[in-house]
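Here the structure comes first, spelled out in structure tokens, and everything after it is commentary.
The values are calculated or read from the model by the stated rules, or taken from the named source; none is laboratory data. Nothing here was measured: the structure is a model prediction, and the numbers come from that model. When we count neighbours, we look across all protein chains shown, and the Cβ atoms used for this are built from the backbone with ideal geometry, even at glycine. Please note that ligands, DNA and RNA were not included when accessible areas were found on the heavy atoms of the full protein model with its side chains. Shrake-Rupley method; radii C 1.70, N 1.55, O 1.52, S 1.80 Å.
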Amino acid sequence: FLVEGEELRVSATAGVAVFPVDAQNAEALMANAEAALNSAKSQNVPLLFYGPEMNAQAAESLRMENRLKRALENDELALWYQPKIDVRTGKLTGFEALMRWMDPQAGMISPAKFIPIMEQTGLILDAGNWALSQVARDCTTWRDAAKTALRIAVNVSPLQLRAKEFVANVIDAADSIEKTGGLLDLEITESVIMENVDAGSPKLQTVRGLGTHIYIDDFGTGYSSLAYIARLPIYALKIDRSFVVGMTQSEDARGIVNSVVSLAHALKLRVVAEGVETEVQADLLRKMACDEFQGYLFGKPVPATDVPAIMRKFS
Ligand code: C2E
Ligand code: CA
Ligand code: CA
């Protein structure tokens, strides 16, 4: 449609349920058409016919959403901590906080399983704030073991970054973490930073002003504008694990890692390699002048109670 000289594009998405195979009355027919519509929207296709598995899926996500809500209320979430190591000195530079769900029935559930559902349902806002506040509580338990302030990086979801309260929440968290002898850092995925440059940049400037280091997570998997990277208050790039894994297999991956390190250094940023599992990988990264290591070779994520032991190991 042409409206006052502006071209407006309209698109439609449809879900179809057919009488009498899909349902025997109008109400159930409409409900099943809606289930098909929701599936079409989530798969980003214009049209889908109803199938019984759609209701099963919807019921499963709803069950999961309710269990996650309960998990938040019942304090079933925990933060585990993975060390980051300085390549040159071999000393600890800090930890990354990684969320775990201790489900009373299923045991420990990985964030790869529940974070996407939290993102879809908006629960990640509460969970993300819980994580920001949990760091200070964990810090108090190991403050006697820490000789200097420990840097703890928390992962930030796109919804959190967009929220109005984001900066206020980070200021609160940074404040209580400092009182318990720690320092707050943030990790934000590359694609999320780049999609929110205009709105996000002033927020990140404020956060950086608190002394919080900002890491671009999963670097290399999205599309970064170099002009933006230079302008944003970023402390370090984290090279995605896929490139570290690929490094020993292909010259291309090695070339990419090498270029990211050079790029980061040219922009006066540090580079962290994630997912370092072997000495061969570590050697290659050392030769490329990478600044920090993170990965199973140096330590897997551990519960808060094990943090003092890791501090001693790398002191
Ligand atoms: P991420 O931020 O890229 O975190 C790194 C993931 O790689 C972690 O998985 C970590 O345990 C794993 N990892 C570290 N070193 C190695 C290694 O040497 N080998 C292998 N195979 N894996 C390694 P995890 O803990 O399962 O977390 C998965 C993702 O879930 C994270 O990826 C992050 O995107 C998300 N996540 C975790 N905690 C939070 C959180 O509190 N908030 C938000 N928004 N996302 C979170
Ligand atoms: Ca991360
Ligand atoms: Ca990653």
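Tabulated values for the structure
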item	result
Dipole-positive endmost among Thr93, Phe19, Ala36 within region 14-108 (Cβ charges, Cα centre)	Thr93
DSSP-assigned coil residues among GluC sites (Glu not before Pro) in region 157-211, each with at most 13 further Cβ atoms within 10 Å	Glu165
Cα gyration tensor shape for region 178-315, rounded if a/c is under 1.5, else prolate or oblate	oblate
Within a Gaussian network of the chain (alpha carbon springs, distance under 10 Å), most fluctuating of Pro46, Pro111, Pro233	Pro46
DSSP-assigned coil residues among trypsin sites (Lys or Arg not before Pro) in region 249-315, each with at most 16 further Cβ atoms within 10 Å	Lys268
Fluctuation leader among Asp175, Asp218, Asp252 - the chain, Gaussian network, Cα springs under 10 angstrom	Asp252
P(r), alpha carbons of region 72-132 - 10 Å bins starting at zero, rounded %	20, 45, 22, 13, 1
Pairwise centroid distance, computed over Cα atoms, of region 153-190 with region 248-315, Å	23
With at most 10 neighbouring Cβ atoms within 10 Å, loop chymotrypsin sites (Phe, Trp or Tyr not before Pro) (DSSP) excluded, longest segment of the chain	2-222
Pairs of Cα atoms farther than 26 Å apart, the chain, %	56
Protein accessible area in region 224-310, 1.4 Å probe - carbon and sulfur %	54
Greater than 23 Å apart at Cα, pairs in Lys238/Lys287; Lys69/Lys203; Lys91/Lys287; Lys91/Lys147; Lys179/Lys300	Lys69/Lys203; Lys179/Lys300
Dipole magnitude (debye, nearest 20) for the chain, charges at Cβ of Lys, Arg, Asp, Glu	1220
Positive-end residue, region 156-224 charge dipole about Cα centroid, Cβ charges, pick of Tyr215, Gln160, Ser191	Gln160
Average projection area in nm² (convex hull over Cα atoms of region 31-185, one quarter of hull surface)	12.3
The chain, accessible area per residue, ligands and nucleic acids excluded (1.4 Å, Å²)	52
Of Met54, Thr140, Leu125, farthest towards positive along the dipole that unit charges on Lys, Arg, Asp, Glu beta carbons give the chain	Thr140
